Every structure is written in structure tokens, then in C-alpha cells.
């Protein structure tokens, strides 16, 4: 069972392209006009990470049942889900740090 890496790419593009746009001096309204809102993008990323977690869980269960699943596919799915979760946690940490910085600037 192969699980695509799409979720990781969208999280990376979320942090990379929008953060670069903010640093380049574009306004928040311009970022929202480019497509989805930050909330929608974050919800999509959460859904994709959850999908990877579910896929890894299904692969492990199939392997344990004795279904014809290759061990390397199971290991790859579990590792991919773990990396996606780690990346999501890091994005969350960066957003919280940015929020704290903005709050401290207002004080």
C-alpha cells in the first residue's frame, strides 16, 4: 500500500510560499486573493496528515492480519505519516511563535 506524499508538499508550500510573500512585503489581502484562506489551507493540511495517519494504520493492520502487503510498504507509510506529523507540529510551533512575537510587539 503506497500513500502519496501530497500532504507533506502542501504543508511545505503553505509555510514556504505564503511566508515568503509576507517577507517580500505583500499584504494579507493579496495572499487571500491567491486562493484559499489560511484557515482553509490549514484545515486541508490537517486532513491530509490525518489521511496519512489513517493509511499507515490501515497498512499496519493489513500486515498484521496476514494480507499480502509488503513490509517495506508498511514501513514507508508509517515513516511518511510520522514525517508529515512532525512537519505539521513544526508549522504550528512557528505560527505560535509568530503570534507571540506580534503580541509582544503590541505591548
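The values are calculated or read from the model by the stated rules, or taken from the named source; none is laboratory data. Predicted model only: the values in this text are computed from it and were never measured. So basically every Cβ, Gly included, is an ideal-geometry build from the backbone, and we count neighbours across all protein chains shown.
Structure data summary
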{"item": "Helices (runs of 4 or more DSSP H) within region 21-107 that include 1 or more residues at pLDDT 95 or above", "result": "38-65, 71-106"}
{"item": "Criterion: within 27 Å of residue 94 (Cα to Cα), exposed (fewer than 15 other Cβ atoms within 10 Å of the Cβ), out of contact with any helix residue (DSSP H, G or I) (no Cβ under 8 Å at 6 or more places or on another chain) and free of Cβ contacts under 8 Å to residues at least 24 places away in the same chain - qualifying residue of 67, 54", "result": "54"}
